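So the structure is just underneath, and the comments pick up after that.
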There are 4 protein chains.
Amino acid sequence: MLSESELTSLQTLLDSCELHRLLGLRAVGADREAGWIVLRMPFTKAASRSDGAAQFHGGAMATFADVAGDFALIARLGFGVPTIDLRIDYLRAAKPPYIQATAQIRRAGKTLGVVDITIEDAEGQVVALGRGCYSTRAG
Amino acid sequence: MLSESELTSLQTLLDSCELHRLLGLRAVGADREAGWIVLRMPFTKAASRSDGAAQFHGGAMATFADVAGDFALIARLGFGVPTIDLRIDYLRAAKPPYIQATAQIRRAGKTLGVVDITIEDAEGQVVALGRGCYSTRAG
Amino acid sequence: MLSESELTSLQTLLDSCELHRLLGLRAVGADREAGWIVLRMPFTKAASRSDGAAQFHGGAMATFADVAGDFALIARLGFGVPTIDLRIDYLRAAKPPYIQATAQIRRAGKTLGVVDITIEDAEGQVVALGRGCYSTRAG
Amino acid sequence: MLSESELTSLQTLLDSCELHRLLGLRAVGADREAGWIVLRMPFTKAASRSDGAAQFHGGAMATFADVAGDFALIARLGFGVPTIDLRIDYLRAAKPPYIQATAQIRRAGKTLGVVDITIEDAEGQVVALGRGCYSTRAG
């Protein structure tokens, strides 16, 4: 597991992007060796499907999946990695108060990384499944 | 081609969502029979990869692709459609001042729609390719 | 778990297709309630990347993933389902003597099913990950 | 356009794999500079959805898409490339007597290639869309 100060560092990196701040993304936990990270996104106006709807926007969820996959690799590798491609399947409507993404590294090679992202609602129901391919070469 | 007033209606629908307003999404043109729509997203702080970076955020681009595919079907069908799944491939860094998405319906059946989304920068370079599958059954 | 005779029925259905026979696909086990099935594909000339190569063909693996996802839903629903879309990520070279696919239903709604397919080699190493979306409406 | 002898060389490479021979894959045309290739797959017992069905098997079509994308890059680069990931969307039932795949390179960088594959039936109807990501580094 990451120490409290390592998690704070990840949160600082997350916060260095306006879109992440608008969506209120939070790093909840991570384990570098096991290769996973958990992020949370609260239901807010910015994440809503449309004004007044009590449902997350699929686009906000895709952003959330992409960032979760990215940060699973950042926690492992220590540097940011560009997304090569991203897939997301929406299984059911995602409701307030928040959704949580668990990103699990499936491969982290010299040039490519593949990460599975499972998004659950506050009751632990899986609402979406993501899978991203990232370029893992430094700099 | 959609008339000016039909395009204004689509823009009004686009604007009924905080995330779209934050990202400044604009409907540029559409053709119901031909099955395409063009949306534009300006480079802004909210769409930036990270503070100070002159590059679009992959998550904002995924949102953009999802919305473009959705609105191609809305222009055709007259009602909103849930995304079943989405894939996006990032071909090169997307730079300011804006990116433009052309969403082309490839299939619009009674239950399923498939849309191809090509995202280009202001110089006409393709920066990303999306493909989405949507549920086309009325509410 | 499926009984021996139920598994034999699935194998009979598998065998009613020349491509499956050419690739030697075998139903190894399944659990209807838990929503999973395990299939095995031996390394043969027909499944080889190219003549003389001791590596599975990516196309044969894609077929294997598609069929595994399909049969997970067949075991659950009792009838065949058309594939809407399929994704497969190749993590490492797949070597003889066989590969095994575990297909796990992630959603089985009235119109759509989503299945995750994990393909491992004989040593239990994950060599590929698939995800398929299927149409689950009866005939 | 490739010369007749270059096309023959591609066909020889195609034929050096039992699965391609079983499916009867044919190189119909290619243009190295424009980055496309056209392959054809006849309807045969090996490509059939099930015994007696007059419809192509989705798995055979996935193999066809993968190989078409691969060979578009082979025609360009001169060497075989491993598939990183593949997605295929099935738009309608694919009928005899044959299907034809046009694979168009969308990106061919130093490490990654992205190819779009459009599969049509003999009447020119699009029956499936593929998109593959390949590793383009020389062996």
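Here are D:53, D:65: which of them is part of a loop (DSSP other than H, G, I, E, B) and at pLDDT 95 or above?
D:53 is the lone residue from the list that is part of a loop (DSSP other than H, G, I, E, B) and at pLDDT 95 or above.
Look through D:75, D:94, D:27, D:54 and report the one residue that is among the small types (Gly, Ala, Ser) and under 25 Å from residue C:117 (Cβ atoms). Break it down stepwise before answering.
Numbers: D:75 fails: under 25 Å from residue C:117 (Cβ atoms); D:27 fails: under 25 Å from residue C:117 (Cβ atoms); D:54 fails: under 25 Å from residue C:117 (Cβ atoms).
Checking each option against the conditions leaves just D:94.
Inspect all residues belonging to region D:41-52 and state whether any of them is closer than 23 Å to residue B:93 by Cα, surrounded by 20 or more Cβ atoms within 10 Å (Cβ to Cβ) and within 14 Å of chain C (Cβ to nearest Cβ). Talk me through it step by step, then tell me what you get.
As a first pass, look at region D:41-52 and keep what is closer than 23 Å to residue B:93 by Cα: none.
Checked against the condition, which is being closer than 23 Å to residue B:93 by Cα, surrounded by 20 or more Cβ atoms within 10 Å (Cβ to Cβ) and within 14 Å of chain C (Cβ to nearest Cβ), region D:41-52 yields no hits at all.
For residue C:104, are the conditions met, namely being closer than 14 Å to residue C:41 by Cβ, open to solvent by 10 Å² or more (accessible area, probe 1.4 Å), part of a strand (DSSP E or B) and not basic (Lys, Arg)?
Considered against the rule, which asks whether it is closer than 14 Å to residue C:41 by Cβ, open to solvent by 10 Å² or more (accessible area, probe 1.4 Å), part of a strand (DSSP E or B) and not basic (Lys, Arg), residue C:104 comes out as no.
Give me the pairs, please: first residue somewhere in region B:41-67 and hydroxyl-bearing (Ser, Thr, Tyr), second residue anywhere and open to solvent by 10 Å² or more (accessible area, probe 1.4 Å) and not in a loop (DSSP other than H, G, I, E, B), beta-carbon distance under 7 Å, and either six or more positions apart or on two chains.
Matching pairs, first to second residue: B:48/A:18.
Within region B:1-26, work out how many residues are closer than 26 Å to residue B:90 by Cα, outside any loop (DSSP other than H, G, I, E, B) and open to solvent by 20 Å² or more (accessible area, probe 1.4 Å).
4
Kindly indicate whether any position in region A:86-97 is within 9 Å of chain B (Cβ to nearest Cβ), surrounded by fewer than 23 Cβ atoms within 10 Å (Cβ to Cβ) and either touching a residue at least 12 places away in the same chain (Cβ under 8 Å) or assigned to a strand (DSSP E or B) (or both).
yes
Test each condition in (1) touching a Phe, Trp or Tyr at 6+ places or on another chain (Cβ under 8 Å); (2) surrounded by fewer than 24 Cβ atoms within 10 Å (Cβ to Cβ) for residue C:56 and report the one that comes out false.
Every condition holds for residue C:56 apart from (2).
When region C:107-127 is examined, which residues are found to be over 30 Å from residue A:93 (Cβ atoms), among the charged types (D, E, K, R), surrounded by fewer than 18 Cβ atoms within 10 Å (Cβ to Cβ) and in contact (Cβ under 8 Å) with a residue 12 or more places away in the chain?
Residue satisfying the conditions is C:120 alone.
Here is a check on your reading of the model: is residue B:77 crowded, with 20+ Cβ neighbours inside 10 Å and either touching a Cys at 6+ places or on another chain (Cβ under 8 Å) or hydrophobic (A, V, I, L, M, F, W, C) (or both)? Break it down stepwise before answering.
On the way: crowded, with 20+ Cβ neighbours inside 10 Å: no; either touching a Cys at 6+ places or on another chain (Cβ under 8 Å) or hydrophobic (A, V, I, L, M, F, W, C) (or both): yes.
No, not satisfied.
Table: residues versus (1) of a type in the set (A, V, I, L, M, F, W, C); (2) closer than 28 Å to residue C:52 by Cβ.
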residue: D:19; (1), (2): yes, yes
residue: D:26; (1), (2): no, yes
residue: D:37; (1), (2): yes, yes
residue: D:40; (1), (2): no, yes
residue: D:50; (1), (2): no, no
residue: D:53; (1), (2): yes, no
residue: D:57; (1), (2): no, yes
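Do you know which residues across region B:128-139 are more than 10 Å from every other protein chain (Cβ to nearest Cβ), among the hydrophobic types (A, V, I, L, M, F, W, C) and open to solvent by less than 10 Å² (accessible area, probe 1.4 Å)?
The answer is none; no residue qualifies.
The values are calculated or read from the model by the stated rules, or taken from the named source; none is laboratory data. None of the values given here were measured: they were computed from a predicted structure. Please note: Cβ atoms are built from the backbone with ideal geometry, for glycine as well, and neighbour counts cover all protein chains shown. Quick note on the areas: whole protein, heavy atoms, side chains included, nothing else; ligands and nucleic acids left out. Shrake-Rupley method; radii C 1.70, N 1.55, O 1.52, S 1.80 Å.
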